[in-house]
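For reference, the structure is listed below as structure tokens.
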Amino acid sequence: MTSSIHPVDEILPTPRLLALGLQHVLVMYAGAVAVPLIIGRALKLSPQDVAFLISADLFACGLATLVQCIGFRGVGIRLPVMMGVTFASVGPMLSMATAPEIGLLGIYGSVIAAGIFGILVAPFISRLLPLFPPVVTGTIIMVIGISLMRVGINWAGGGIPMITKTVAGETGLFPNPGYAQLQGLGIALFVLCVILALIKWGTGFLSNVSVLLGIIAGAILASVLGVMHFEKVATAPWADIVLPFHFGMPQFHLVPIVTMCIVMIVVMIESLGMFLALGDITGKTIDRDALTRGLRADGVGTLLGGIFNTFPYTSFSQNVGLVSITGVRSRWVTIAGGAIMLLLGLLPKMAALVEAVPLVVLGGAGLVMFGMVAATGARILTAVDFKTNPFNLFIVAISVGFGLIPLVAPNFFKNLPHDLHPLLESGILLCALVAVLLNAFFNGLGSAEQAKAEAAGVAAAATH
């Protein structure tokens, strides 16, 4: 590598690219397929249709990732980003799924409209850069990591503590008997120990693929213990094609469209923090033009999602944590990951093999990755002046508190208008809004040049 090539643009040897790309895919796979599983079951689709939703999601994940990482004129931030379906859209889509007049085709219409909306408003969202000095971005990134820990912990437990089932004709929430079984916790701990051992004693490439090797080791152990099953792999076809509008032409309804556009704003604000985090981790200065290209790619990805029978897309924060762990900053790694996702979408048998990896295996890796996201936020906050400007302490303290509300008290806002729930159920968005408002109140608003200079300073510190 010459000195003129930034690590983000470095093209690694093909075997290393594929291994690192596969590691990114395994890290995001469970989150990527979760949303189509949830929506497919809510719509009471057949197993074949749910399987198609998953393949379509993987295919669109790959497309959106390639658009974001390769970059085209005016689109794509060209950073190591993996794109996946955002969980922020699940609540509104479940409401649409239960409305007979909307259904799946109405969901797709609202997703397509939201994608077009995102493409149009990207330049305006990117102008919010002066609102995000290090005290704000560090706080948001730390809350992103803390929020994700719930996902990682539940993965390690083997799912979620409470499940919906029908008993004696009544449907309700009941404890999940398979949650936090000692065998599953042992597998998650084994994966965690393998990763930590490779990070400490592994060198070079071995250290870089520590998460991938930990997941593979966990999968082997799970197979030996009879936890990992391959029946779906055996019955899955080798190849299939994902066609646009598989379920029919989308339908457009005003209220679902407005709701999904609000979700799109939420997603883009979260992406803004994610891009700034990646800029810090990779040592790449992120200016307004880059933010516009990245946010516009979110819109293009969401538009492609609606066309190819899936849902709104955003940058996956767990992969940001993986970049931080491995120290591999090349966007060509995630380009390889996007190509693998695209291939998995066309090869249902290969997708079924990856899907067979138990959640407890991913949980051991998730604890490391999601914790690293929070640690990245903490590192950014070390560059903030707390000594001569005590107001910054209040910004961090109160913003973290608001960000944790949906995490520790999910029903906290239940009596507020239902239309506000997409905004209030995202701890990341709550944290971002409160941090921005408090920073403006205590410190005022800096110029775009000042914001760029501060971001460049933090990025420079990240490289040392």
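FYI, it's all coordinate maths here, none of it is from the lab. Treat the numbers as computed from the prediction; the structure is a model and nothing was measured. So basically every Cβ, Gly included, is an ideal-geometry build from the backbone, and we count neighbours across all protein chains shown.
Net charge near L206, counting Lys/Arg +1 and Asp/Glu -1 over other residues with Cβ under 14 Å of its Cβ? So the environment of L206 carries a net charge of +2. Restriction of the trypsin sites (Lys or Arg not before Pro) in segment 346-445 to DSSP coil positions whose beta-carbon has at most 14 other beta-carbons within 10 angstrom yields K387, K414. Qualifying chymotrypsin sites (Phe, Trp or Tyr not before Pro) in segment 220-276, where qualification requires a DSSP coil assignment and no more than 15 other C-beta atoms within 10 Å, comprise F230, W238, F245, F252. For segment 215-316, the square roots a ≥ b ≥ c of the C-alpha gyration tensor eigenvalues yield an a/c of 1.5 or more together with a/b not exceeding b/c, which makes the shape oblate. Return a whole-number percent for the relative contact order of the chain, with Cα pairs under 8 Å and 6 or more residues apart as the contact set. It rounds to 34 percent for the chain.
Calculate the dipole size of the chain relative to its Cα centre from +1 charges on Lys and Arg beta carbons and -1 charges on Asp and Glu beta carbons; express the result in debye to the nearest 20. Don't jump to the answer; show the numbers that get you there.
Details: 21 positive and 19 negative charges, 96 e Å.
Around 460 debye, computed over the chain.
The ranking of I119, I241 by Cβ neighbour count inside 10 Å, starting from the fewest, reads I241, I119.
Using the Cβ-Cβ distance between A375 and L407 with R0 set to 22 Å, the FRET efficiency works out to roughly 0.80.
Each of I257, I281 was scored by other Cβ atoms within 10 Å of its Cβ. Arranged with the fewest first, they read I257, I281. Let a ≥ b ≥ c be the square roots of the eigenvalues of the Cα gyration tensor of the chain; is it rounded (a/c under 1.5), or, if not, prolate (a/b larger than b/c) or oblate? It comes out rounded by the Cα gyration axes. Helical content of the chain, expressed as a calculated mean residue ellipticity at 222 nm, amounts to -22000 deg cm²/dmol (DSSP H runs of 4 or more residues, -39,500 (n - 2.57) each, divided by residue number, nearest 500). At full extension, S46 and T235 could sit 66.5 nm farther apart than now, given 0.36 nm per residue minus the alpha carbon distance. When the charge dipole of segment 245-299 is built from unit charges on Cβ atoms (+1 for Lys and Arg, -1 for Asp and Glu) and taken about the Cα centre, the candidate among I265, L278, H253 whose Cα reaches farthest toward its positive end is H253.
Need one word for segment 273-339: rounded, prolate or oblate. Basis is the Cα gyration tensor (sqrt eigenvalues a ≥ b ≥ c); a/c below 1.5 gives rounded, then a/b vs b/c decides. Oblate is the answer for segment 273-339, as a/c is 1.5 or above yet b/c matches or exceeds a/b. With respect to the cross-link table entries K284/K387; K200/K284; K200/K349; K200/K232, which display a Cα-Cα separation exceeding 32 Å? Listed pairs above 32 Å: K200/K349; K200/K232. Separation of segment 102-151 and segment 46-72, taken as the distance between their Cα centroids, equals 19 angstrom.
With neighbour counts taken as other beta-carbon atoms within 10 Å, the residues T98, T326 rank, fewest first, as T98, T326. Length available on full extension from F245 to I160: 0.36 nm per residue minus the Cα-Cα distance, which gives 27.4 nm. Ranking T86, I195, I428 by how far each Cα lies toward the positive end of the dipole of the chain (charges on Cβ) leaves I195 at the top. Of the residues L304, N319, S330, the one whose Cα sits farthest toward the positive end of the charge dipole of segment 267-333, with +1 on the Cβ of Lys and Arg and -1 on the Cβ of Asp and Glu, is S330.
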